[in-house]
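A short worksheet on the structure shown next.
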Amino acid sequence: MRLAREKCRTRGNRALYDGDYEEDEPLIRELIAVAKELQAAVEALGPVDA
């Protein structure tokens, strides 16, 4: 997950500052998978009392 985050940061900076954008489908798939894992983990915690 750390590698994916670093790749995203690097590519985001290039897109923002250099106008360079390159789509990386495997990276996008990996990020979606990690987001789904995170969502499942958070949902497994159950409701939070206010």
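The values are calculated or read from the model by the stated rules, or taken from the named source; none is laboratory data. The structure presented is a predicted model; accordingly, all values stated were derived computationally and were not measured. Cβ: placed from backbone, ideal geometry, glycine included. Neighbour counts: every protein chain shown. When the accessible area is computed, the model is the full protein with side chains, heavy atoms only, and any ligands, DNA or RNA have been set aside. Shrake-Rupley method; radii C 1.70, N 1.55, O 1.52, S 1.80 Å.
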_Subset of the stretch 36-50 (residues that are open to solvent by 100 Å² or more (accessible area, probe 1.4 Å) and under 16 Å from the mean Cα position of the chain (by Cα))_ = K36, E37, L38, Q39
*Out of the stretch 12-30, which residues are open to solvent by less than 70 Å² (accessible area, probe 1.4 Å), touching a helix residue (DSSP H, G or I) at 6+ places or on another chain (Cβ under 8 Å) and in a helix (DSSP H, G or I)?*
L27
_List pairs: first residue in the stretch 18-41 and in contact (Cβ under 8 Å) with a residue 24 or more places away in the chain, second residue open to solvent by 60 Å² or more (accessible area, probe 1.4 Å) and not hydrophobic (A, V, I, L, M, F, W, C) anywhere in the structure, Cβ distance under 6 angstrom, at least six positions apart or on different chains._
none
*Go through (1) at pLDDT below 85; (2) on the phi > 0 side of the Ramachandran plot and name the single condition G46 misses.*
(1)
